[in-house]
1. Quick one: Karplus J couplings for the range 52-58, per residue in order, coefficients 6.51, -1.76, 1.60, θ = phi - 60°, nearest Hz, x for Gly and Pro?
2. Between Val131 and Asp76, what length in nm is gained on full extension when 0.36 nm per residue of separation is reduced by their alpha carbon distance?
3. What ranking of His30, His78 emerges when the number of other C-beta atoms within 10 Å of each C-beta is taken as an exposure proxy, fewest first?
4. Rank by packing, highest mean first: peptides 83-96, 105-118, with packing defined as the count of other Cβ atoms within 10 Å averaged across residues.
5. For each of Trp33, Trp122, count neighbouring Cβ atoms within 10 Å of the residue's Cβ, then give the residues from fewest to most.
6. Using only helices, what value at 222 nm comes out for the chain when you add -39,500 (n - 2.57) per DSSP H run of length 4 or more and divide by the total residues, to the nearest 500 deg cm²/dmol?
7. Looking at (1) 14.2, 40; (2) 24.0, 71; (3) 16.9, 61, which value of Rg and Dmax of the Cα atoms in Å comes from a calculation on the structure shown?
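Each reported figure results from applying straightforward, stated rules to the coordinates on display, with no laboratory input. Everything numeric in this text was worked out from a predicted model, so none of it was measured. Cβ placement follows ideal geometry from the backbone for every residue including glycine, while neighbour counts extend to all protein chains displayed.
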Amino acid sequence: MEQTKPDSGGIPISDLRPEINRALAVRWFHEVWVERRTETIDELFPPGSIGHTENGDQGPDEFKAGREGLLNAFPDMHVEVEDTAADGDHVVVRWRVQGTHRGDGLGMPPTNRPVDFRGMTWLIFKNGVIVEGWDSWNLGRLLESLR
């Protein structure tokens, strides 16, 4: 017999998994990027997890370093989750970033130019944490727009 959660209205837990994972993905973006909570990275992206990015594969420490560079470059960065899709342990997040290039975190002096770009992140969850993810956005175009 399949286990149900007491407050789920008798819906099997496996049927709730996509919505639970979707909520975790939205929480990730809100807490990591909007609230800038490093402890959420530690909680939801544990050692052994991997992120595939335009800059190569990253574990939690590399992700934190890259994140700090972006937050330095765009101290007023605002990240908005525009939409999500979830199926089982997989969640796709379509996001938008707006900010002003006011720091040297991208390896170039600040230009004070506004930026507005979008991307997508595909996350795989297991037992309430991210085990693997892929980011897709045009970093090269962003850098070119700041030169």
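1. Going residue by residue, I get 9, 10, 5, 9, x, 7, 9 Hz, with x marking Gly and Pro.
2. Fully extending the segment from Val131 to Asp76 adds 16.9 nm.
3. By the 10 Å Cβ count, ascending: His78, His30.
4. 83-96, 105-118
5. Sorted ascending by nearby Cβ count, the order is Trp122, Trp33.
6. -9500 deg cm²/dmol
7. (3)
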